[in-house]
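The values are calculated or read from the model by the stated rules, or taken from the named source; none is laboratory data. Remember, predicted model here, so these are calculated numbers, not experimental data. Cβ coordinates were reconstructed from backbone atoms using ideal geometry, including for glycine residues, and neighbour counts include every protein chain displayed. Protein only, heavy atoms only, side chains kept; ligands, DNA and RNA dropped before computing areas. Shrake-Rupley method; radii C 1.70, N 1.55, O 1.52, S 1.80 Å.
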Amino acid sequence: MPTVIDAAPARLKTQNVFLIVSDGFRWQEVFNGAEEALMAKTNGGVKDVKALRAEFWRETPESRRQAILPFFWGEIAQHGQIYGNQNKGSVARVTNGKKFSYPGYNELFAGFADPRIDSNDKIPNPNVSVFEWLQGRPGLRRRVAAFGFLDAFPTF
């Protein structure tokens, strides 16, 4: 009869998780770099097209995104995981029907749309965020932090 050997579970390599959300920054620039159609006086309101193209235009999307976000692609992407490239099927959609910040952040952090969150007013969020949930998990108490720049973040 075979013997079962108890093995210790594999130690996870992940020690930190950072969620970076940039409100108003188009995914197209993050993953494709500068958009040629917007590097113009007419479509983009650019004053010095030649200088802008010299600084940010490259032949491939990968080199364009590196030019516009060198730290992001040179450090964060090299040592972490990046999601949201719709060209590769990584699509996230807001389901709350609103097109402004607080309802979207609620959905992102709580995991669902809540019709009670219908403005950017600084009202306390009645939902448990993923950060609050993590804070209650064994071994994570007082090891979860959130930093944000939206003035409504303290209400989350």
Enumerate the lysines that K41 could reach by cross-link, defined here as Cα to Cα under 28 Å, with residues fewer than 8 away along the same chain left out. K50, K99
If you average the C-alpha positions of region 112-146 and of region 61-94 separately, how far apart do those two centres end up, in angstrom? 26
Positive end of the charge dipole of the chain (Lys, Arg +1 and Asp, Glu -1 on Cβ, about the Cα centre): tell me which of V94, F147, I68 has its Cα farthest that way. F147
How large, in Å, is region 1-147 by the Kirkwood hydrodynamic radius built from its alpha-carbon pairs? 19.2
With each pseudo-label sitting 7 Å past Cα toward Cβ, what's the F149-Q78 distance in nm, one decimal? 2.4
Magnitude of the charge dipole, the chain, Cβ model with Lys/Arg +1 and Asp/Glu -1, debye to 20: 160
Within the under-14-Å Cβ sphere about L134, not counting L134, Lys/Arg +1 and Asp/Glu -1 give a net charge of +3
Top to bottom by accessible area (1.4 Å), largest first, where do L12, L52 land? L12, L52
